[in-house]
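The values are calculated or read from the model by the stated rules, or taken from the named source; none is laboratory data. What you are looking at is a predicted structure, and each value in this text was computed from that prediction instead of being measured. For neighbour counting, all protein chains shown are included, and Cβ atoms are generated from backbone atoms with ideal geometry for every residue, glycine included.
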Amino acid sequence: MYEFTDKVLAHLNRQYIVIFNRLKSKVSTKKFAKLDEVTVIGKAVDQTYTELMTVTKPMLLQIANWAYHNYCTNGSLTEMWLTGFLNDYSPVTKYAFSTEIDRKRSRLYEALIATKGSRKEIDNALRYWAKMIAEYAVEITDAATLEAFNDLGITKVEWFTEEDERVCGECGKRHGRIYPIDAVPPKPHWGCRCYLRPVTTE
Ligand SMILES: [Zn+2]
């Protein structure tokens, strides 16, 4: 279910390390005078998040279309579909992706000003970023799959857990349950890798 998603994530994570390393070299305190600190850090942080989005968005769209085409080979999901998804509140992360990016950017900026460009803060920001993208990559896989089911006229889906020892109690209870496609409950926790399959009555 998530093989392609995981491949893309591994590829993205390598790029994220490069992008955050570039930020480290830009904000290393020896490089600029005290007065310029705020401007240099502000610009460097802005550039970092712009770059992160530039490399991430097309890959998220690829994940969406890979998942969609797994079931439905007619048509594809557009950038507008993805943007709409990222602007929506997620009941799993408890925020909308688009607004969270601004928050992450501000938090890192403030932390770097307060710590005079601490590398540890940059490492933390990288970790939080990668964690968020890992979650959204899964959510996008799920949403695109549901989109394909809808387009195929499927009305009922069955919940599957990964059936390994890591499955939590809440997910375990849902294994094998059948839901109307418009009433599938949100995943109960971050990192949930349960998935849905269409139920055909014939
Ligand atoms: Zn689960």
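Restricting attention to segment 89-115, the residues that are over 19 Å from residue 137 (Cβ atoms) and surrounded by 13 or more Cβ atoms within 10 Å (Cβ to Cβ) total 9. Checked against the criterion of being part of a helix (DSSP H, G or I), over 26 Å from residue 127 (Cβ atoms) and either more than 13 Å from the chain's Cα centre (by Cα) or not basic (Lys, Arg) (or both), the candidates 59, 80 yield just one match: 80.
Between residues in segment 135-162 that are buried (at least 22 other Cβ atoms within 10 Å of the Cβ) and residues that are aliphatic (A, V, I, L, M) and in a loop (DSSP other than H, G, I, E, B), which pairs lie under 6 Å by C-beta distance while being six or more apart or on different chains? Here the result reads 144/77, each pair linking segment 135-162 to a residue that is aliphatic (A, V, I, L, M) and in a loop (DSSP other than H, G, I, E, B). Scanning segment 155-184 for residues that are under 23 Å from residue 72 (Cβ atoms), more than 10 Å from the ligand (Cβ to nearest atom) and not aliphatic (A, V, I, L, M) turns up 155, 156, 158, 179, 180, 182.
For segment 147-179, filtering for residues that are within 28 Å of residue 13 (Cα to Cα) and in contact with a strand residue (DSSP E or B) (Cβ under 7 Å, 6 or more places away or on another chain) leaves 1.
Does residue 152 meet the test of being within 16 Å of the ligand (Cβ to nearest atom), under 27 Å from residue 74 (Cα atoms) and hydrophobic (A, V, I, L, M, F, W, C)? No: the conditions fail for residue 152.
Going by what's in this entry, would residue 144 be described as in contact with a Cys (Cβ under 6 Å, 6 or more places away or on another chain) and more than 13 Å from the ligand (Cβ to nearest atom)? In short, no. So which pairs qualify, if the first residue must be in segment 1-26 and at pLDDT 95 or above, the second must be among the aromatic types (Phe, Trp, Tyr) and part of a helix (DSSP H, G or I), the Cβ gap must be under 6 Å, and the two must be at least 6 apart or on different chains? Short answer, once both residue conditions are applied: 4/66.
A residue that is within 16 Å of the ligand (Cβ to nearest atom), touching a residue at least 60 places away in the same chain (Cβ under 8 Å), closer than 22 Å to residue 9 by Cβ and within 20 Å of the chain's Cα centre (by Cα) cannot be found anywhere in segment 98-118.
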